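Take a look at the structure set out below.
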Amino acid sequence: LRSRGWESGDIGFRVSGRATAGGALLLVAFYATYVLLYYGLWAAGLLGGWGVVAVKNTASPAVLVLFVLVNSAFEEFFVTGYLVEAWRPGGASMAISVSAAVRLLYHTYQGPLTLAGILPMGLIFGAVYWRWRNTWPLIDAHTILNFIYFAQA
């Protein structure tokens, strides 16, 4: 990024109590959206036997914690912070859509239900970043979500 003229302050990252609370609220808003979409698709008969890709956690707790922290931070710095800022000249709709599309593409291995979970996550997280210009609430929410996901695996 430095070779392209980017500086560390170009992608917002400000840790604060307010931003941490915002991340927790963001997680609740995203999860509520996911539940509504999932059960809406189920009620409409559109799931057609699609299942969620099962993940079996065989990593040690230390490796799992390290993975969750690195993965959550990297995804939000790159997929949200960097892409939204890089596409900002195209406006909010373009920047948020590109960010959400990239997030969706690299989660397609999870199957068709990715549309009900990852796409809304990308749109919501992109919109929150656009408004606040801070990746910390996104990293906070993503980290909690990943810990919940892997605790169930």
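The values are calculated or read from the model by the stated rules, or taken from the named source; none is laboratory data. What you see is a predicted model, and the numbers here were worked out from it, not measured in a lab. Protein only, heavy atoms only, side chains kept; ligands, DNA and RNA dropped before computing areas. Shrake-Rupley method; radii C 1.70, N 1.55, O 1.52, S 1.80 Å.
Leaving ligands, DNA and RNA out of it, report the carbon-plus-sulfur percent of the accessible area of the chain at a 1.4 Å probe. Write down the numbers at each step before the final one.
Working: 6050 of 8870 Å².
Result for the chain: 68 percent of the exposed heavy-atom area is carbon or sulfur.
Pick from 25, 46, 115: which residue has the top mean-square fluctuation in a GNM of the chain where Cα pairs under 10 Å get a spring?
Highest fluctuation among the options: 46.
Springs between alpha-carbon pairs under 10 angstrom, Gaussian network model over the chain: which of 43, 116, 127 fluctuates most?
43
Helix-derived [θ] at 222 nm for the chain: sum -39500 (n - 2.57) over DSSP H runs of at least 4, divide by residue count, nearest 500?
Working: 6 runs with 96 residues, N = 153.
Calculated mean residue ellipticity at 222 nm is -21000 deg cm²/dmol.
How large is log10 I(q)/I(0) at q = 0.09, 0.14, 0.20 Å⁻¹ when the Debye formula is applied to the Cα atoms of region 1-145, each weighted equally and without solvent?
The Debye formula, applied to the Cα set alone, gives -0.30, -0.72, -1.29.
Angle check, please: helix 61-75 long axis (alpha carbons) against the longest principal axis of the chain (alpha carbons), in degrees 0 to 90, nearest 10.
With both axes taken from Cα atoms, the answer is about 60 degrees.
For a quick check, take a GNM of the chain with Cα springs below 10 Å and name the residue from 23, 117, 40 with the largest mean-square fluctuation.
Maximum fluctuation in the GNM of the chain, among the listed residues, is at 40.
For the chain, take the longest principal axis of its alpha carbons; what is the angle in degrees between that and the long axis of helix 114-132, to the nearest 10 within 0 to 90?
With both axes taken from Cα atoms, the answer is about 20 degrees.
Round to the nearest 10 and give me the degree value, 0 to 90, for the angle of helix 92-105's Cα axis relative to the longest principal axis of the chain.
Relative to the chain, helix 92-105 is tipped by roughly 50 degrees.
For region 106-153 and region 53-105, what is the separation of their C-alpha centers, rounded to whole Å?
Cα centroid to Cα centroid, the span is 7 Å.
First check a/c for region 106-153, with a ≥ b ≥ c the square roots of the eigenvalues of its C-alpha gyration tensor; if it is under 1.5, answer rounded, and if not, answer prolate when a/b is larger than b/c or oblate otherwise. Numbers along the way, then the final one.
On the way: a/c = 3.09, a/b = 1.34, b/c = 2.30.
Oblate, since a/c reaches 1.5 and b/c is not below a/b.
Tell me, what is the per residue accessible area of the chain in Å², probe radius 1.4 Å? Spell out each step's value before the answer.
Values: 8870 Å² over 153 residues.
I get 58 Å² per residue for this part.
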